[in-house]
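Chemist: Take a look at this one; I'll ask things after.
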Amino acid sequence: MSRPGDRLAGRVAMISGGANGAGAASSRLFARESAKVAIVDRDAEAGRKLEQELLAQGLAAFFVEADVSKPDQAEHAVTATIAKFGQIDILFNHAGTIIVKPFLEFSIDEWDEMMENNAKSAFLMTRLVLPDMLKRGYGVLISTSSSGVKAITHLESLYCASKSAMHQLARAIAVEYRDKGIRSNTICPSFVRTRHGEHEIAQLRAYGVFASEQDLNIMQGRICEPEEVANVALFLASEESSFINGAEIFVDNTFTAI
């Protein structure tokens, strides 16, 4: 068993959407556990600030500004990370977005936006890193899914559809490449105390959906903290989860069980 502080020693981890919320919590945690961390995000200000924070602590961090739903930018992120750290052992597909509104009010452009950010981004990044992982016979893929793949939240039809697409893609990759040294698992959070989560709650309340923190306490006991998602990501990234593949881990404190 690895000692605290070296659970990812010798590994290079790339985290998309790694500059804010649970992505930032994961960047910090992975770096503290001795990974070389590539933080990929389109929020350049937050990304550079986090990079400097980790470097000041003597940790290995590298920020790449990129929108990973765009093929050329996703490729740039991977190329820059390999140029910096030599390889990518762990890919955490965390980038994503949400729009809340009645189904009949969604536009085709919004459908495309949701699919590109929540599903296509994971497809692009996984496709870019997988060939080298296969050559080396080792790779860990983690994708942030949602409790919405099981328990649908009101007015989130496109979000649930796009997360379901990414979710099943991750599981299919696990099945296809199981015997080639690749593990692919999903994390399915419910409501998390992040900017993404606050935006979701604000949109729901704008439509009259009960979504105060008190309402969430009824559904899931309390709101989830970003670090609680990061801890699950660390477990899946480490060798402690070596026989976990194609799994769906719901980080929701019974939200989908009730």
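We did not get these values from a lab; they are worked out from the coordinates using the rules stated. If you're wondering where the values come from, they're calculated on a predicted model, not measured in any experiment. All Cβ positions, glycine included, derive from the backbone under ideal geometry; neighbour counts span all protein chains shown.
Chemist: For the chain, how many pairs of lysine residues have a Cα-Cα distance under 17 Å, where the two are 8 or more positions apart or belong to different chains? Provide the component values of the computation, followed by the final result.
Modeler: Working: LYS36/LYS49; LYS36/LYS84; LYS70/LYS120; LYS101/LYS163; LYS120/LYS163; LYS135/LYS180; LYS150/LYS163.
Total qualifying Lys-Lys pairs in the chain comes to 7.
Chemist: State the extension gain, in nm to one decimal, for the chain segment bounded by ASP6 and ARG178, taking 0.36 nm per residue of separation less the distance between their alpha-carbons.
Modeler: On the way: separation 172, 0.36 × 172 = 61.92 nm, distance 2.54 nm.
Taking ASP6 through ARG178 to full extension adds about 59.4 nm, to one decimal.
Chemist: Another question, if that's okay. Are there any chymotrypsin sites (Phe, Trp or Tyr not before Pro) in region 110-175 that are in a DSSP loop and have at most 16 other Cβ atoms within 10 Å? List them by number.
Modeler: Working: sites: TRP111, PHE123, TYR138, TYR159; in loops: TYR138.
Here the chymotrypsin sites (Phe, Trp or Tyr not before Pro) that fit, given the DSSP loop and packing criteria, are TYR138.
Chemist: Using R₀ = 35 Å, calculate the FRET efficiency as 1/(1 + (r/R₀)^6) where r is the Cβ-Cβ separation of ILE244 and ARG222; round to 0.05. Numbers along the way, then the final one.
Modeler: Details: r = 26 Å, r/R0 = 0.75.
Efficiency computed from Cβ-Cβ geometry: 0.85.
Chemist: Can you give the FRET efficiency for PHE103 and LEU55, using 1/(1 + (r/R0)^6), R0 = 45 Å, r = Cβ-Cβ distance, to the nearest 0.05?
Modeler: Working: r = 45 Å, r/R0 = 1.01.
The calculated FRET efficiency here is 0.50.
Chemist: Which whole-angstrom value gives the distance between the alpha carbon centres of region 152-225 and region 29-86?
Modeler: Distance between centres, Cα-based: 24 Å.
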